[in-house]
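The values are calculated or read from the model by the stated rules, or taken from the named source; none is laboratory data. Every value quoted in this text rests on a predicted model; they were computed, and no experiment measured them. Cβ placement follows ideal geometry from the backbone for every residue including glycine, while neighbour counts extend to all protein chains displayed.
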Amino acid sequence: MRISLLATGGTISTKQSGTGAVPALDAEVLAAVARQSGGEVLISARNVSRLSSRSMTPASMWDLACAVEEEIRGGSDGVVITHGTDTLEETAYALSLLVRTPVPVVLTGAMRVPGSPGEDGPANLAAAVAVAATPRFSAYGPVVVHQDEIHLARWVAKVHSTRVAAFGSPPAGPVGMVIEGRAVPFFGPLLSDRLPSPVAPCKRVELLWFAAGSDGFVVNAIKDRVDGLVIAGAGGGHVSPPLAEALVEAATGGVAVVLASRCASAQVLRATYGGVGGEIHLLASGLVSAGSLSAVKARLRLIFGLSAGLSPAELFVSGE
């Protein structure tokens, strides 16, 4: 079995410098670490980038998706991607939009710099390889493996900024675990998030976060310069009346506006709260529900979907 290891940077690849830890380790070094876990797996290494994940963009996610598909076409039986943890959840979801997965595709990273006490990179790499070498996980689309937990790209989120156990899936929990070096599923995969004909990103979508007192100032300033907006509303998808009026005006003017929730475990409501700024008003006035998709992932879906010529209604069909 041949596993491709694609390195993009992140803490798992860092070395200490005079200004702090920076990505420095080559993909082959990481592959050598992964090989120490044993097993009859041939691991090939490829450098895709060497970035802190804060520098990842939709364009670099597209490039990574192309690299993953190249490895699959080249005969890889599974793909492991090493990545920084800050935007790991976003890249995982972007890949779920863009990549066909006839083989398992697994993303992993680390919270502790290599060589530091209790470094978690080697264990995460070993677990990721175990999942990538388990064919049944191809049906799950790209997954994130961290601390022996297997998370779907749709649900995974970084839930703590410093702890080694940094990732969770607030709406549903992990879909499986790595136990004694074996990838064990807990429940079956969801329907695929993959777009029908993905293309490189060419649309600008901004994400706005509602807070108490937010009004239409920012929306009015940028609505003529963007293709889409995602608003992370409070609770089940609620904003103040002044912000609601600006969002509705933007949607009426042709901007694709998607309503998400800022809650960690979220579901945009459909028919509970009335009044200006409630979800009934917003959805009836041209906004489209992101359902249970997080705001950052709804933004990626809108970027790649609009770029592929899909409408918001096609991208967020049922608001689930």
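Just to check your reading of the model, which residue among 70, 89 is more than 26 Å from residue 296 (Cα to Cα) and either in a helix (DSSP H, G or I) or among the acidic types (Asp, Glu) (or both)?
70
Can you report the number of residues in the stretch 231-266 which are in a loop (DSSP other than H, G, I, E, B), without any contact (Cβ under 8 Å) to a residue 40 or more places away in the chain and either not small (Gly, Ala, Ser) or not assigned by TED's automatic domain parsing to the domain that holds residue 298 (or both)?
Result for the stretch 231-266: 2.
Out of everything in the stretch 30-44 that is in contact with a Lys or Arg (Cβ under 7 Å, 6 or more places away or on another chain) and either surrounded by fewer than 18 Cβ atoms within 10 Å (Cβ to Cβ) or outside the structural domain of residue 10 (by TED's automatic domain parsing) (or both), what residue ends up being farthest from residue 7 (Cα to Cα)?
42
If you check 258, 276, which single one turns out to be under 21 Å from residue 311 (Cα atoms) and not charged (D, E, K, R)?
Going through 258, 276 in turn, the sole match is 258.
Among (1) hydroxyl-bearing (Ser, Thr, Tyr); (2) in contact with a Gly (Cβ under 7 Å, 6 or more places away or on another chain); (3) at pLDDT 95 or above, there is one condition residue 138 misses while meeting the rest; what is its number?
Among (1) hydroxyl-bearing (Ser, Thr, Tyr); (2) in contact with a Gly (Cβ under 7 Å, 6 or more places away or on another chain); (3) at pLDDT 95 or above, the lone unmet condition for residue 138 is (2).
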